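See structure below.
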Amino acid sequence: MDKKRLFSALALLAVLASGSLFAGARRESKRLTIYTWEEMFPQEILDGFTEKTGIIINYVNFDFNETMLTRLRAAGGGDYDLVIADDYIIESAIAEGLARKLDKAALPNYGNINPLCLRPFYDPDDEYTVPYGAGVQTIVYDPARVSRAITGYADLWDPGLRNSLGVTANPRVINGLALKRMGKSYNEADPRIIAEAGQLMLELAPNIRLIKDDFLDEDLLSGEVSAAVMYTDQATRAMMSRPDFKMVYPSEGIGYGLMGAFVPAKAPNAQGALAFLDYILDPRRGAQCFEHLGYYCTFSASDPLISPEYRSFLTLPEGFSGAETIRAVSQEAEEEHERVWTAFKQAAGQ
């Protein structure tokens, strides 16, 4: 090998050793627009990425998944570089051509993803998305204020819980309690069976004290409710504050949802988006992210690095592979869910 070729080879090795993945991102743009909910990353992760790459992060929030999709449609898949949203809405974004396929050569840390979270229904060939957090439907309760142990959804109908139960304001999740009690799927398509579940929901209504999405963990901690069906991050906060609480994976079967990250079809800085994804896929940084986020870790390489006091709440539970994702249903079934939900809220005085 002549000196010129030897020098080139050594230079290439030096670039690779110093993190060439980020070089393309530096050349392409100094700005990365991330579009997702608030507080999805610890500030030190965002700052660390900027320090490493020189790319300034423009963090833009949406309130609902549907808001994101409407704006992404209006932008024709442009304006934003990285989007993190819920599974069902990602399915729509991909179907409408608003997401681009991942260049996995730019993601050397891709292998750190938990295999249980690969091939989701919305991306069956793992072409478009990186899973970022799993939410598992859990019940948390204060055993000192509940007359019997709770092991599943059916126990929530116990008259001893009258006017003391909190639930999220998610119709499909909460209607799903009754469907699972009946031995049916969260994704039951027959409106007649959904209507039957609605009758069970009316029987549950006297036990309901709160129907709300925000801060149910605080209501449980304050004693406003004695048991709650809550989101994963709320369950984590409740259990960290009160280890004497009980957290239950319902015996009728675990329901879960995935959040996923994707690069829009016409992202101005797609290279920077890939660099950021690979940055958080690093095992230690992933652990930092999920300790902050409070959702189940979807990077198996990060699991052993999560602090022991968080690990039981942030690593996927045993049996997760048999869990069921809530998916889109027919318009007729959706309308019946809405009817059931409206009647349930009225009966519960909400």
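All of the numbers you see were taken from the coordinates with simple rules; none came from a lab. Not measured: the values here are computed from a predicted model. Because the Cβ atoms are built from the backbone with ideal geometry, glycine has one as well, and the counts that use them run over all protein chains shown.
Does segment 211-344 classify as rounded, prolate or oblate by the C-alpha gyration tensor (a ≥ b ≥ c root eigenvalues; a/c under 1.5 gives rounded; else a/b over b/c gives prolate, otherwise oblate)?
Values: a/c = 1.94, a/b = 1.17, b/c = 1.66.
The shape class here is oblate.
Go through segment 248-256 residue by residue and turn each phi into a ³J(HN,Hα) via Karplus (6.51, -1.76, 1.60, θ = phi - 60°); whole Hz please, and just put x for glycine and proline.
Couplings: 10, 8, x, 5, 6, x, 7, x, 8 Hz.
May I ask you to list the trypsin sites (Lys or Arg not before Pro) in segment 23-109 that are in a DSSP loop and have at most 16 other Cβ atoms within 10 Å of their Cβ? Could the numbers behind the result be given before it?
On the way: sites: ARG26, ARG27, LYS30, ARG31, LYS52, ARG71, ARG73, ARG100, LYS101, LYS104; in loops: LYS30, ARG100, LYS101.
Counting only loop positions with at most 16 other Cβ atoms within 10 Å, the trypsin sites (Lys or Arg not before Pro) in segment 23-109 are LYS30, LYS101.
Send over the semi-axes of segment 298-350's equivalent ellipsoid, whole angstrom and largest first, taken as the square roots of 5 times the C-alpha gyration tensor eigenvalues. Don't jump to the answer; show the numbers that get you there.
On the way: eigenvalues 275, 57, 14 Å².
So the three semi-axes of segment 298-350 are 37, 17, 8 Å.
What trypsin sites (Lys or Arg not before Pro) in segment 137-233 are in a loop by DSSP, with at most 13 other Cβ atoms within 10 Å of the Cβ? Before the final figure, lay out the partial values.
On the way: sites: ARG145, ARG148, ARG162, ARG172, LYS180, ARG181, LYS184, ARG192, ARG209, LYS212; in loops: ARG148, ARG162, LYS184, LYS212.
Filter output for segment 137-233: ARG148, ARG162.
Using modelled backbone amide H atoms (1.01 Å from N, in-plane), which distant-in-sequence or interchain residues come within less than 5 Å of ILE139's amide H?
VAL248
Compute the helix-to-body angle for 65-74: its Cα long axis versus the longest principal axis of the chain, expressed 0 to 90° and rounded to tens.
Compared with the principal axis, the helix lies near 40 degrees.
Mind pulling the angle between the C-alpha long axis of helix 43-53 and the longest principal axis of the chain? Nearest 10 degrees, somewhere in 0 to 90.
20
Between THR151 and ARG339, what length comes free when the chain is fully extended (0.36 nm per residue of separation minus the Cα-Cα distance, one decimal in nm)? Don't skip to the answer; put the middle values down first.
Working: separation 188, 0.36 × 188 = 67.68 nm, distance 2.85 nm.
Additional length available on full extension: 64.8 nm.
Among all the lysines, which ones have a C-alpha under 16 Å from LYS52's C-alpha, if same-chain residues fewer than 8 places away are not counted?
Within the straight-line cut-off, LYS52 pairs with LYS30.
Can you flag which of LYS101/LYS180; LYS184/LYS246; LYS104/LYS266 are past 24 Å Cα-Cα? Display every interim value, and only then the final one.
Working: LYS101/LYS180 36 Å; LYS184/LYS246 26 Å; LYS104/LYS266 18 Å.
Beyond 24 Å between Cα atoms: LYS101/LYS180; LYS184/LYS246.
Counting Lys +1, Arg +1, Asp -1, Glu -1, what net charge surrounds GLU91 among other residues with beta carbon under 11 Å of its beta carbon?
Numbers: positive: ARG327; negative: ASP86, ASP87, GLU96, ASP123.
Around GLU91, the surrounding residues sum to -3.
Test of understanding: given the chain, find the longest segment containing no GluC sites (Glu not before Pro) that are in a DSSP loop and have at most 15 other Cβ atoms within 10 Å. Walk me through the intermediate numbers first.
Numbers: sites that count: GLU38, GLU39, GLU96, GLU127, GLU224, GLU318.
Value returned for the longest uninterrupted segment is 128-223.
Taking 0.36 nm per residue of separation and subtracting the Cα-Cα distance, what length does fully extending ALA75 through ASP103 add? Write down the numbers at each step before the final one.
Details: separation 28, 0.36 × 28 = 10.08 nm, distance 2.22 nm.
Net length gain for the segment: 7.9 nm.
Counting only DSSP beta bridges with both residues in the chain, what percent are antiparallel, rounded to the nearest 5? Kindly include the intermediate steps, with their values, before the conclusion.
Working: 19 of 35 bridges.
Around 55 percent antiparallel, to the nearest 5.
Residues with amide H under 5 Å of LEU32's amide H, sequence separation 5 or more or different chain, H placed in the peptide plane at 1.01 Å from N; which?
ILE56, ILE57, ASN58
Which Cα, out of VAL136, PRO243, LEU200, lies furthest along the positive dipole direction of segment 132-246 (beta carbon charges, K/R +1, D/E -1)?
Towards the positive end, the residue furthest out is LEU200.
Which chymotrypsin sites (Phe, Trp or Tyr not before Pro) in segment 30-106 sit in a loop by DSSP (not H, G, I, E or B) and have at most 13 other Cβ atoms within 10 Å of their own Cβ? Before the final figure, lay out each step's value.
Values: sites: TYR35, TRP37, PHE49, TYR59, PHE62, PHE64, TYR80, TYR88; in loops: TRP37, PHE62, PHE64, TYR80.
Loop-located and lightly packed - PHE64.
Sort largest first and round to whole Å: the equivalent ellipsoid semi-axes of the chain, each the square root of five times a Cα gyration tensor eigenvalue.
Details: eigenvalues 346, 100, 56 Å².
For the chain, the ellipsoid semi-axes come out as 42, 22, 17 Å.
Could you go through segment 326-339 in sequence order and give the Karplus-derived ³J(HN,Hα) for each residue, using 6.51 cos²θ - 1.76 cosθ + 1.60 with θ = phi - 60°, rounded to whole Hz, and x for Gly and Pro?
Computed from phi, the couplings for segment 326-339 are 6, 10, 5, 10, 5, 4, 5, 5, 5, 5, 5, 4, 5, 4 Hz.
Please list, in order along segment 297-302, the HN-Hα scalar couplings obtained from phi with the Karplus expression 6.51 cos²θ - 1.76 cosθ + 1.60 (θ = phi - 60°), rounded to whole Hz, x for Gly and Pro.
Ordered by residue, 3J(HN,Hα) equals 5, 9, 10, 4, 5, 8 Hz.
Can you list residues whose amide H is under 5 Å from THR325's amide H, if they're 5+ apart or on another chain and H is modeled 1.01 Å from N?
TYR256
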